[in-house]
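Below: one structure, written as structure tokens.
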Amino acid sequence: MSVVNENQGIRSVAAYEPIREPLVLGNPTMRDITARIGSIVESKITAKYLLTLAFTASMAAWGLFALYYTVVTGIGVWGLNNPVGWGWDITNFVFWIGIGHAGTLISAILFLFRQKWRTAINRSAEAMTIFAVICALMMVLTHTGRPWLFYWLMPFPNQMQMWVNFRSPLAWDVFAVNTYFAVSALFWFVGLIPDLATLRNYVRSEIAKKIYGVLSLGWTGSTRHWHHYEIAYLILAGISTPLVLSVHSVVSFDFTVGIMPGWHTTIFPPYFVAGAIFSGFAMVMTLMLIAREVLDLKQFITLKHLDNMNKIILATGMMVGYAYAMEFFIAWYSGNPWESWIFVNRAFGDYAWAYWTMVTCNVVSPQVYWFKKLRRHIPLMFVISIFVNIGMWFERFTIIATTLHHDFLPASWGYYSPTWVEISIFIGTFGIFLTLFLLFAKFVPVIAIAEVKAIMPGAQPSHHAHAHTTPTLSEKGQPA
Amino acid sequence: MSAAPVGVVGEFTDPNAITTAAEQIRDAGYRKWDIHTPYPVHGLDKAMGVKRSLITYISFAGMLFGLTNALAIQWWTGAFDYKLNIGGKGFFNWEWSMPVDFELSILGTAIFTVVGLFGLCKLPTWYNRYQDDLSFKKATDDTFVVTIDVDDDRFSLEGTQDLLRRLGAANVHVVTAATH
């Protein structure tokens, strides 16, 4: 076969003028791909990296100190008051859980839809999911007030002879979020095994070889193993898809099952899921734009990928915008005076500034993505992705604060603002998230090597494939 | 300690050629052999004659395990062991049991799938008889590596190597490993 060069391994050959934009630029060989990703792990740790790491780690440390202060003093150090029992803690919880959802969407749903472009971003998006869920779990754990009694949330036989109340959405949440974390982590690790094996054989340092060797579990790339692996991966993707929809639905039940005006609505589950995917994609975008610049991954994360992600941001942003409008419509149409009042208050009351920040960031700003030129404008998409992150955080804050600060009894109305402790904890979650992501980007293959190889042109046998009889491609990769 | 042959290896780099070679080796009646590839090659498992994976059944069992546990624990704690009236809601109703049923079904499926995958692939196995061979190491990079084990009934040092060469394999050689 002319495609084959004995010394250079499998050549990828873009033999024909591609109809679609290529997913990987520069037509690299398989070895180039291994070397490109492997070299990130092999390269020396630079001072710049250490400084960035030190910065994010100090953010994390500051947040952890604030958490420690909260735990040893009590959640009275937060700005929560009598009508407003949920503040930044639950806002951040929902925010971080939502961030995670894009990772699962990219890795599972786009996999099922055979969107090949996902291979460039799925690994880092899945990592992001896991780190975001860690942040979310920390928030909700501290919110319980006595986090050292976390195990009370689990049904286990105890001296009180009491069980968990399974009729409460808060108990469902425990199951949903923990399942989400466990399944995302398993899915991520299974996806990593072949790439860790590639690194095991690629790296030079003996210690690194040992570490990747242990982590890759002795994967050899056996076709008998790939056979099981591919089915297992498909099953994990198949179950992650309904899982991601269920997790944010269950999170929304924390609100909807209560009878508070502004929360007690049936639109919440789909509205939360769309918002989660929206915010998650924005976060993936922010991180990817930095990663492709710093790690020089422009070959793999191309404008086409960014364009596709921006289309999803536009679509989910419109869904979120629709939900905002529909909430108002239903509030009026229901004829429920409390419901209508809370929505008028949301747009024009004490928290109007938060509401309009949310609308501007989430509904107005993504509209630029109707234009292809703007979908491929990197500085612009960086700014928009930050806007969406901010907007989605304000969405959760608006939902929580506006409903709680004015409830049924005007005598108990109040206003909530956070204390330095809550702000520090929020900064800290970003510190933890970014620190973990930096460590990931340095020590773990940031691009799914095996998956990228599998989608290269010429990587798979042609359909009528019986190599010796098919017309071959000439040396230069032109049709014979 | 002496060096005993463990099998022969051959390298391929073309996905069409490896597919044809897999069919030929399968038809030649070999059983203890494998192809190591850097990424899953479509249809290669079929060409090798690999039997359908059992993993779907394992996953299904995991789903049933999770679901059964979810229903059992919610019914037993709420409607049997300690009945507690909370807001007049039922002690057990399938309606409110759905979220936990669903989550635990997913969790069961995921855990069984991964454990099943590890079991079927015998992972972790931190030793492979071919592991020090240079060709074999390329299988995680850019080469399709055929390995035919010495304990296969049809194996013969010369004949097996000839077969691989005939099929277009490069760098065909015998791999030896130290026996302990």
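A few comments on the model shown:
- Positions within segment B:1-30 being aliphatic (A, V, I, L, M) and either away from chain A (no Cβ under 11 Å) or part of a strand (DSSP E or B) (or both), in sequence order: B:MET1, B:ALA3, B:ALA4, B:VAL6, B:VAL8, B:VAL9, B:ILE25, B:ALA28
- Some residue of segment A:357-378 being surrounded by 21 or more Cβ atoms within 10 Å (Cβ to Cβ) and farther than 26 Å from A:ALA291 by Cα: yes
- Tallying residues that are surrounded by fewer than 21 Cβ atoms within 10 Å (Cβ to Cβ), facing chain A (nearest Cβ under 10 Å) and among the hydrophobic types (A, V, I, L, M, F, W, C) within segment B:31-62 yields 3.
- Total residues in segment A:78-114 satisfying the condition of being touching a residue at least 24 places away in the same chain (Cβ under 8 Å), surrounded by fewer than 22 Cβ atoms within 10 Å (Cβ to Cβ) and of a type outside the set (A, V, I, L, M, F, W, C): the figure is 5.
- Breaking point among (1) within 29 Å of the chain's Cα centre (by Cα); (2) surrounded by 20 or more Cβ atoms within 10 Å (Cβ to Cβ), for A:GLY238: (2)
- Only one of the listed residues (A:GLU395, A:GLU422) is over 22 Å from the mean Cα position of the chain (by Cα) and either of a type in the set (D, E, K, R) or at pLDDT below 95 (or both). That residue is A:GLU422.
- Look at (1) surrounded by fewer than 22 Cβ atoms within 10 Å (Cβ to Cβ); (2) modelled with pLDDT under 90 and you find that A:ARG118 fails only one, number (1).
- The set of residues in segment B:131-180 being more than 14 Å from chain A (Cβ to nearest Cβ), buried (at least 22 other Cβ atoms within 10 Å of the Cβ) and either within 28 Å of A:ALA450 (Cα to Cα) or within 21 Å of the chain's Cα centre (by Cα) (or both) consists of B:LEU164 alone.
- Close pairs from segment B:98-123: first free of Cβ contacts under 8 Å to residues at least 40 places away in the same chain and more than 7 Å from chain A (Cβ to nearest Cβ), partner assigned to a helix (DSSP H, G or I) and surrounded by fewer than 24 Cβ atoms within 10 Å (Cβ to Cβ), Cβ under 6 Å, at least 6 apart: B:ASP101/B:LEU67; B:ASP101/B:ALA70
- When residues in segment A:323-339 are screened for being among the hydroxyl-bearing types (Ser, Thr, Tyr), closer than 18 Å to A:ASP407 by Cβ and part of a helix (DSSP H, G or I), 0 of them pass.
- Subset of segment A:193-230 [more than 7 Å from chain B (Cβ to nearest Cβ), of a type in the set (A, V, I, L, M), part of a helix (DSSP H, G or I) and touching a residue at least 24 places away in the same chain (Cβ under 8 Å)]: A:ILE193, A:LEU196, A:LEU199, A:ALA208
- For segment A:28-80, the set of residues classified as more than 14 Å from chain B (Cβ to nearest Cβ) and not in a helix (DSSP H, G or I) consists of A:SER43, A:LYS44, A:ILE45, A:THR46, A:GLY74, A:TRP78, A:GLY79, A:LEU80, listed by residue number.
- Out of A:SER12, A:SER43, A:SER39, one residue alone is modelled with pLDDT under 90 and surrounded by 18 or more Cβ atoms within 10 Å (Cβ to Cβ). It is A:SER12.
- You will find that of A:VAL294, A:VAL344, A:VAL273, the residue that is at pLDDT 90 or above and more than 17 Å from the chain's Cα centre (by Cα) is A:VAL344 and no other.
- A:PRO461 vs. criteria at pLDDT below 95, under 29 Å from A:PHE253 (Cα atoms) and not aliphatic (A, V, I, L, M): no
- Among the residues of segment B:11-54, those identified as more than 17 Å from A:MET456 (Cα to Cα) and polar (S, T, N, Q) are B:THR19, B:THR20, B:GLN24, B:SER53.
The values are calculated or read from the model by the stated rules, or taken from the named source; none is laboratory data. Just so you know, these numbers come straight off a predicted model, no measurement behind them. Note: ideal-geometry Cβ built from the backbone for every residue, glycine included; neighbour counts use all protein chains shown.
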